[in-house]
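This is the structure, below, for whatever I ask next.
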Amino acid sequence: MQPGVERSEVVVIGAGQAGLSSAYHLRRLGIEPVVLDAARGAGGAWRHRSPTLTMEKVHGVFDLPGMTRQDADGGRPAAEVVPAYYAAYESGTGLNVVRPVRVTAVRDGADGRLVVGTDAGEWAARAVVNATGTWTRPYWPYYPGAASFAGRQLHYAGYRGPEEFAGRRVVVVGGGASAMHVLSELAGVAAATAWVTRRPPVFRDDDFDLDARREAVAQVDSRVRAGLPPQSVVSVTGLTYSAVVREAMARGALNRLPMFDRIVPDGVLWDDRDAGDGLPRDGGTWLRADTIVWATGFRAALDHLAPLRLREPGGGIRVDGTQVVREPRLQLVGYGPTASTIGANRAGRTAARNVRALLSHPVAA
């Protein structure tokens with residue numbers, strides 16, 4: 001071992017829901033993990049959410065294993081409530097969370113361990129559970145003319161509420177919950193809003209029961225088992241009539257337009273004159289805009305795993321449950337079918353069991 005390298009049986013990277021769940025289940029199996037987290041405080045991605053995303057607008061369950069979240073005022077920001085809950089969880093369970101520590105690379109070690117390199121030193125572990133989520137990798141799709149746009153472009157990750165958009169003409173791109181959140185708040189504040197998506201949105205008016213959920217998970221799971229990048233959740237499940245969807249509908253903000261073909265300095269343009277809801281212009285149909293909000297989702301934050309060469313020809317990392325097929329010492333939680341609040345808890349349990357099985361085999365000193 002190199003001087004200054006800490007040794008640990010297990011390192012968990014990330015202290016969001018998937019990471020804390022994994023650490024909890026590891027401890028229940030008698031394994032004490034070191035949890036490395038890049039943030040300065042508890043809460044994972046929740047600490048970075050818009051202050052206008054209140055608890056009554058949050059869609060999903062995020063209770064951590066072993067500690068139920070107490071009911072909170074529905075009008076309180078999720079960016080306050082959830083981090084406070086996570087902080088209480090870390091304290092109450094006694095998890096060893098080291099922060100702020102930014103992981104820069106995970107590589108193969110000389111003694112059968114994985115070496116986790118960070119800006120605060122190195123840890124060598126017999127197993128690594130990666131739970132880095134997606135928030136730090138917002139996805140910005142390329143469209144011709146984007147660089148020529150004279151207005152403002154921002155990703156949903158930078159959205160902080162509707163006030164700054166007063167009097168502006170805003171195009172919101174995306175068909176998921178993030179777009180619904182933005183549209184529900186901008187309608188009536190912005191001078192005009194337009195909603196564009198690549199595919200027609202699918203709204204679910206059924207109960208989305210257990211069988212439907214299992215089918216949705218199975219579709220995502222089949223992709224990661226094949227080494228393909230995971231699909232977005234909405235592309236599989238469709239949109240439910242959540243609080244933000246109902247609010248956006250009530251404000252008349254869900255008049256969907258097909259995806260534009262290019263961006264021009266003063267708006268967006270469809271090459272087909274029959275497309276869009278704008279005005280004729282040479283070469284197509286033009287919609288005036290001074291702001292574009294890209295609510296186009298996120299990608300898994302896995303660049304630090306590049307030294308392990310895990311990518312398959314299809315572009316993804318092949319995973320069986322949480323087990324990385326090419327690297328048995330590595331578990332991926334919060335990736336693919338486990339990238340949901342309920343799925344993250346289950347993934348933590350699965351990852352912990354896989355780690356216990358791995359550690360049952362002796363390793364060279």
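The values are calculated or read from the model by the stated rules, or taken from the named source; none is laboratory data. As the structure is a computational prediction, the values presented were derived from the model and not from experiment. Virtual Cβ from ideal backbone geometry, glycine too; neighbours counted across all protein chains shown.
Here is a list: Ala248, Ala289, Ala243. Which entry is at pLDDT 95 or above, within 31 Å of the chain's Cα centre (by Cα) and not assigned by TED's automatic domain parsing to the domain that holds Gly336?
Ala289
Scan Ser8, Ser22 and give me the residue that is closer than 24 Å to Gly121 by Cβ, polar (S, T, N, Q) and surrounded by 23 or more Cβ atoms within 10 Å (Cβ to Cβ).
Within the list Ser8, Ser22, the selection yields Ser22.
Please verify whether Val97 is modelled with pLDDT of 95 or more, within 20 Å of Leu308 (Cα to Cα) and not aromatic (Phe, Trp, Tyr), treating the condition exactly as stated. Break it down stepwise before answering.
Values: modelled with pLDDT of 95 or more: yes; within 20 Å of Leu308 (Cα to Cα): no; not aromatic (Phe, Trp, Tyr): yes.
Criteria not met by Val97.
Here's a follow-up. Could you tell me which numbered condition Val35 fails, if it satisfies all but one of (1) over 27 Å from Tyr241 (Cβ atoms); (2) free of Cβ contacts under 8 Å to residues at least 60 places away in the same chain; (3) not hydroxyl-bearing (Ser, Thr, Tyr)?
Tallying (1) over 27 Å from Tyr241 (Cβ atoms); (2) free of Cβ contacts under 8 Å to residues at least 60 places away in the same chain; (3) not hydroxyl-bearing (Ser, Thr, Tyr), Val35 fails exactly one: (2).
Cβ-Cβ distance below 6 Å, separation of 6 or more or different chains: which pairs start in the range 244-263 with a residue that is without any contact (Cβ under 8 Å) to a residue 24 or more places away in the chain and end on one that is buried (at least 16 other Cβ atoms within 10 Å of the Cβ)?
none
A further question on this structure: Within the range 204-225, work out how many residues are over 21 Å from the mean Cα position of the chain (by Cα) and either among the small types (Gly, Ala, Ser) or modelled with pLDDT of 70 or more (or both).
Adding up the residues that qualify gives 3.
So which residues in the range 128-177 are modelled with pLDDT of 95 or more, β-branched (Val, Ile, Thr) and either in contact with a Phe, Trp or Tyr (Cβ under 6 Å, 6 or more places away or on another chain) or surrounded by fewer than 21 Cβ atoms within 10 Å (Cβ to Cβ) (or both), if there are any at all?
Correct list: Val172, Val173.
Being surrounded by 23 or more Cβ atoms within 10 Å (Cβ to Cβ) and either closer than 18 Å to Met67 by Cβ or within 17 Å of the chain's Cα centre (by Cα) (or both) is the filter here; which residues of the range 25-42 pass it? Can you show your working first?
Filtering the range 25-42 down to residues surrounded by 23 or more Cβ atoms within 10 Å (Cβ to Cβ) leaves 25-26, 33, 35-37, 42.
His25, Leu26, Pro33, Val35, Asp37, Ala42, listed by residue number.
From the list Pro265, Pro280, Pro313, which residue is under 26 Å from Gly334 (Cα atoms) and either of a type outside the set (Val, Ile, Thr) or buried (at least 16 other Cβ atoms within 10 Å of the Cβ) (or both)?
Pro313
Among the strands (runs of 3 or more DSSP E) contained in the range 63-177, which hold 2 or more residues that are assigned by TED's automatic domain parsing to the domain that holds Gly16?
Values: elements: 103-108, 114-118, 121-130, 152-155, 169-173.
Ranges flagged: 103-108, 114-118, 121-130.
For the range 333-353, which positions are more than 18 Å from Pro65 (Cα to Cα) and modelled with pLDDT of 80 or more?
Tyr335
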